[in-house]
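Working notes for the structure below.
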Amino acid sequence: MKLKYFAWVRERIGKAEETVEPPPSVQTIEQLIGWLAARGETYAHAFETPRVIRAAIDHAHVKPDTAIAGAREIAFFPPMTGG
Amino acid sequence: MTANVTIRIQPSDFDVGREIAALTGGRSDVGAVVSFTGICRGSEDGTAIAALTLEHYPGMAEAEITRHAETAMSRWELSGIRVIHRVGRITPGENIVLVVTASKHRHAAFEAAEFLMDYLKANAPFWKRVDGADGKDWIEARDHDDAAARRWTKS
């Protein structure tokens with residue numbers, strides 16, 4: 001699946017997008033965050049406070065317990081500050 | 001009423017008068033137009049800033065605003081909506097965002113414009129970074145923006 005990162009999540013990880021294949025045990029958004037956080041220092045820094053991370057699956061906001069099965073694109077970003 | 005909904009995300013500035021005219025010109029069923037313009041302040045939390053840089057999630061930003069515009073159209077009797085959100089570098093005094101709503105009557109136009117702005121601030125995927133004298137930093141989300149969006153779901 002394709003992952004996209006925005007704002008300081010993107011800056012901390014050091015890339016805007018990537019394609020990953022998490023193991024079958026990773027089934028929800030919060031499990032995916034946990035799996036990503038264990039991939040290295042930059043990821044650990046980006047996801048150090050999971051409760052502030054927002055997520056979207058295929059351009060729609062989702063909650064941490066949402067299943068990721070079938071997702072084409074998952075995005076992680078901080079709380080929004082537009083307007 | 002024929003709905004006239006336009007949503008644009010662009011780096012360039014917009015002309016508020018022209019956007020209002022686009023919702024009122026050539027028709028006689030519009031009795032009220034409300035426009036809100038968000039403008040870049042020269043300071044953030046008491047510290048002077050050089051500029052803001054607006055980042056967005058292409059695709060999702062348009063989808064979120066469209067979804068909220070459709071909700072507004074179904075909730076109020078509106079003849080038109082225009083939402084323009086700028087991205088990229090914006091300096092103090094420049095426009096950031098525009099919401100225009102047109103209706104037969106003022107209440108629908110006022111309420112729909114406020115609803116759209118509240119939802120846009122809390123849910124549309126845009127992020128502001130401050131370019132200040134002492135470096136660059138992301139603006140933190142404010143709890144009262146979430147609360148402002150939530151009050152529209154109480155009914």
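Odds and ends about this structure:
- Using the Cβ of A:Lys63 as centre and a radius below 14 Å, the other residues enclosed give a net charge of 0, where K and R count +1 and D and E count -1.
- The range B:4-153 gives an Rg/Rh value of 0.99, both radii derived from C-alpha positions and Rh following Kirkwood.
- Cα shape, chain A, gyration tensor, a/c 1.5 rule: rounded
- Helices in chain B, meaning DSSP H runs of at least 4 residues, each add -39500 (n - 2.57). Divided by all residues, the mean residue ellipticity at 222 nm is -10500 deg cm²/dmol.
- Each Lys or Arg adds one and each Asp or Glu subtracts one; over the other residues with Cβ under 13 Å from the Cβ of B:Glu111, this totals 0.
- Positive minus negative residues near B:Tyr57 (Lys, Arg vs Asp, Glu; Cβ under 9 Å): -1
- Only helical runs count toward this figure. For chain A, summing -39,500 (n - 2.57) over DSSP H runs of n ≥ 4 and dividing by all residues gives -7000 deg cm²/dmol at 222 nm.
- Over the protein assembly as shown - Rg/Rh using Cα atoms and the Kirkwood inverse-distance radius: 1.01
- Rounded tilt (10° steps) of B:106-123 against the dominant C-alpha axis of chain B: 40
- Tilt relative to chain B, helix B:60-75 - C-alpha long axis, 0 to 90 degrees, to 10: 30
We did not get these values from a lab; they are worked out from the coordinates using the rules stated. If you're wondering where the values come from, they're calculated on a predicted model, not measured in any experiment. Backbone-built Cβ (ideal geometry, glycine too); neighbour counts: all protein chains shown.
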